[in-house]
DNA sequence: GCCGTTTTCGGCCCGACTGTTTTCAGTCG
């Protein structure tokens, strides 16, 4: 899969170079192609082998040829030629905040500056003063940006599970301070992307200034970068940027739609609007002077004659066409989850831990919970729950809430080796058995694969599970699969297991993010193993067959 | 460079904010 991200990176670099060269629309075209390639569930090589490169959104004749060239030779001549035209350090200038292609180009052509170090030297030498459009503030801004870039390495995007508690704190802080009425997090956080570049908060309020004052005063906030009448941008102590916009209630839906994105989704909606004689902006949707919607997202989509589209799938990957046909998938919801198939008790587990799991499960209205009773850790060592805990599991199981015993086996175990008292089987890659064996599972129940590490590790497991009625755990962190792999799993007819939060710290964001990733992958209820009834999933249930997972994509 | 049930050519989202400006350019999202 790394071919895909490498190719995407190459096209991004081409876009940067074209930007500096002053090209108008090509850079966006290359970036669009890069985004599409990155979100592909399939290896670029496989797509190319089928001759389907041009079916990738944003990939036309020219870029398809460059992909072919890259796949066969490992290089792209066009890129090599561009790098000869632009000094290598110029692209680094673009990474500086407040400095874009126009400015980078001017520094290069008018000052002969070819990179960040030379720019810093030019500022020290006073060579920027007198340059048209460069007053003292602008020069100071560039100088500060250079110093900041040097001090702190470019932060990049943050894993969503890391941003999650921060976002919750900011929401809680803003709710506690009077003034904000409606309040939502938009952006890629709302779409539940695996990583977020910043946080986008949106509020309605009679008194925006008070909301901004309260926001700036939150303990997580390090500095206010900019503040206008409707918008404030701050930097948190951990370096994360957060934008807060305050809008009128009748604009809230339009602003939420706009700031949720994705960019490609928005562009698609605006194109449709234009074709239908409408105009969309972040304040509403208009036919000529007449305003035809904007208070809610539903109003916005309805005005375009589209069904509302869940944020997680707003990526311009066909969801707009589905909405036009009224065929938006009904994505799995937390209320669909009927059980949990993978609960670990703490080390040194005691009967009271079982009681806590039972209480959690009742609160979540689950009908069954699979508790890992014996298994193997990542280092290969074995563990087993003590007798009193096993007894409590047996006692506490009821018709209303069935407790199942789960055996976790190393990746290379033959399913036949699993003793009959283990009702559910979780396959766990370990250090000594990180990959599946060639052996297909033969058990009545498709195995669940969990503790898989990362995108590259997921692929062989998806192949292994194909046709085996198996399922794979989706969610944040290195031990689960992300939404891209989850989409590949669904396309292969493999079910997903969603984390419920039972037996976990209430602050642990694994459950909501797991659900978000599953939705992002396009999973419907029928594709989620633990949305099926107890009877369909467990051995003690009457039906022996697991719910056959259906692709939701 | 991509794209198209109005188009194979002529478009390409659109507005806030900042700094530098006598009316706008650049950056950002």
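Bear in mind that the values in this text are calculations on the coordinates, not laboratory data. Predicted model, so just to flag it, every value in this text is computed and none were measured. Backbone-built Cβ (ideal geometry, glycine too); neighbour counts: all protein chains shown.
Values for this structure:
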{"item": "Mean Cα-pair separation over length for chain A, i.e. relative contact order, pairs under 8 Å, 6 or more apart, %", "result": "9"}
{"item": "Helix A:101-111 vs. chain A, principal-axis angle (Cα, 0 to 90°, nearest 10)", "result": "40"}
{"item": "Alpha-carbon Rg/Rh ratio, for the stretch A:139-293, with Rh computed the Kirkwood way", "result": "1.01"}
{"item": "Ellipticity estimate at 222 nm from DSSP helix runs (n ≥ 4, -39,500 (n - 2.57)) divided over chain A, nearest 500", "result": "-12000 deg cm²/dmol"}
{"item": "Sequence-separation-based contact order of the stretch A:46-184, relative, with Cα cut under 8 Å and 6+ spacing, percent", "result": "13"}
{"item": "Taking the stretch A:107-254 and dividing mean pair separation by its residue count, relative contact order in percent (alpha carbons under 8 Å, at least six apart)", "result": "16"}
{"item": "Ranked A:252, A:107, A:383, criterion: other C-beta atoms within 10 Å, fewest first", "result": "A:383, A:252, A:107"}
{"item": "Label-point separation, residue A:292 to residue A:46 (7 Å along Cα→Cβ), nm", "result": "4.2"}
{"item": "Likely footprinting exposure, A:508, A:19, A:275, fewest C-beta neighbours within 10 Å first", "result": "A:275, A:508, A:19"}
{"item": "Cα→Cβ-extended label distance, 7 Å offset, between residue A:383 and residue A:62, nm", "result": "5.7"}
{"item": "Between helix A:2-20 and chain A: long-axis angle, C-alpha atoms, 0 to 90°, nearest 10", "result": "10"}
{"item": "Sites residue A:492 and residue A:140 - FRET efficiency at Förster radius 51 Å, r taken between beta-carbons, to 0.05", "result": "0.40"}
{"item": "Alpha-carbon centroids, the stretch A:151-226 and the stretch A:1-27: separation in whole Å", "result": "30"}
{"item": "Taking A:464, A:308 and counting other C-beta atoms within 10 Å, the order from fewest to most", "result": "A:308, A:464"}
{"item": "Spin-label model distance (nm) - residue A:233 vs residue A:325, 7 Å beyond Cα toward Cβ", "result": "4.0"}
{"item": "Fully extended contour minus Cα-Cα distance, from residue A:466 to residue A:69, at 0.36 nm per residue", "result": "139.7 nm"}
